[in-house]
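Structure first, then comments.
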Amino acid sequence: MNVSDNKSKLSLSSSPISIYHNSKFSFDDVESVLEPLFGNYYGISELRAIISNVDHIWCAYNTTKKQYVACALVRTYNKDKVLFINLFGVTQACQGQGIGTRLLKAIKNWGQKQKYVAIILHTQVDNYKAIGLYEKVGFYKQYYITNFFPPRGCLSFFRSHGSDAYEMILYL
Ligand SMILES: CC(C)(COP(=O)(O)OP(=O)(O)OC[C@H]1O[C@@H](n2cnc3c(N)ncnc32)[C@H](O)[C@@H]1OP(=O)(O)O)[C@@H](O)C(=O)NCCC(=O)NCCS
């Protein structure tokens, strides 16, 4: 994970939540958020490989509780000036507090400043919470993809959702 450069911090003084971009996150920092959400599907070694291979990481950190509460793993396709969100999640206890919205808006703002043209992601067609968040921030459904998330592993998160996906896009 080459995340030591391009460090930035975006915070609201009244909020205990700070958003960090490409700070010196350890695997433990990122996995503490993403492993409970996605570990049963990907398995720890594949999850670690995904973390290692992304170009950017954004995390939300609760400065009062001193813990990471949300992470987004993002790849860049520089030829097309497109950002691709590989994984995006907020720890279960902190969902519904606007943290996902703040994290996604931070990625969107950064992408606009860097002159990317779009952000793309995939989400299960029945993950209404995620779709609601993405549409609120300006994404729309571009394609319906059958069996994009095939059954595998123990599936605790993915079992609660179907295997079909929407590809969603946000033009910047
Ligand atoms: C999906 C997820 C990222 C949302 O993050 P969050 O911090 O809980 O979201 P927010 O509190 O910022 O809510 C954002 C919006 O989501 C939408 N939303 C939330 N709950 C919803 C629900 N039950 N149904 C429909 N939309 C919902 C709303 O539009 C909400 O905006 P509003 O509060 O202004 O109405 C988070 O719940 C999560 O990590 N879930 C598990 C992992 C996951 O599904 N990741 C996405 C994989 S593609």
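Quick note: the coordinates plus some simple rules give every number you see, no bench work behind them. Just so it is clear, the structure is predicted and the values come from calculations on it, not from any experiment. Don't worry about glycine lacking a Cβ; one is built from the backbone with ideal geometry, like all the others, and counts go over all protein chains shown.
For Lys108, list the aspartates and glutamates whose Cα falls under 15 Å from its own Cα; do not include residues on the same chain fewer than 8 positions away.
Glu135
Could you calculate the contour length gain from Asn86 to Lys105, that is, 0.36 nm times the residue separation minus the distance between their Cα atoms, to one decimal place in nm?
Length gained between Asn86 and Lys105: 5.2 nm.
Mind checking which of Ala72, Gly98, Ile145 is farthest towards the positive end of the chain's charge dipole, using Cβ charges of +1 (Lys, Arg) and -1 (Asp, Glu) about the Cα centre?
The residue sitting most towards the positive pole is Gly98.
In debye to the nearest 20, how big a dipole does the chain give about its Cα centre with +1 on each Lys and Arg Cβ and -1 on each Asp and Glu Cβ?
With Lys and Arg at +1 and Asp and Glu at -1, about 540 debye.
Using the structure shown, list the pairs from Lys24/Lys141; Lys79/Lys105; Lys65/Lys136; Lys113/Lys136 with a Cα-Cα distance above 25 Å, or answer none.
Cα-Cα > 25 Å for Lys24/Lys141; Lys65/Lys136; rest within.
Hey, can you grab everything whose amide H is under 5 Å from the amide H of Leu87? Only 5+ residues off in sequence or another chain; H modelled, so Pro and N-termini drop out.
Leu73
For region 8-171, max minus min Cα coordinate along each principal axis, in Å, sorted largest first?
43, 34, 28
Going by C-beta contacts inside 10 Å, put Trp110, Trp58 in order with the fewest on the left.
Trp110, Trp58
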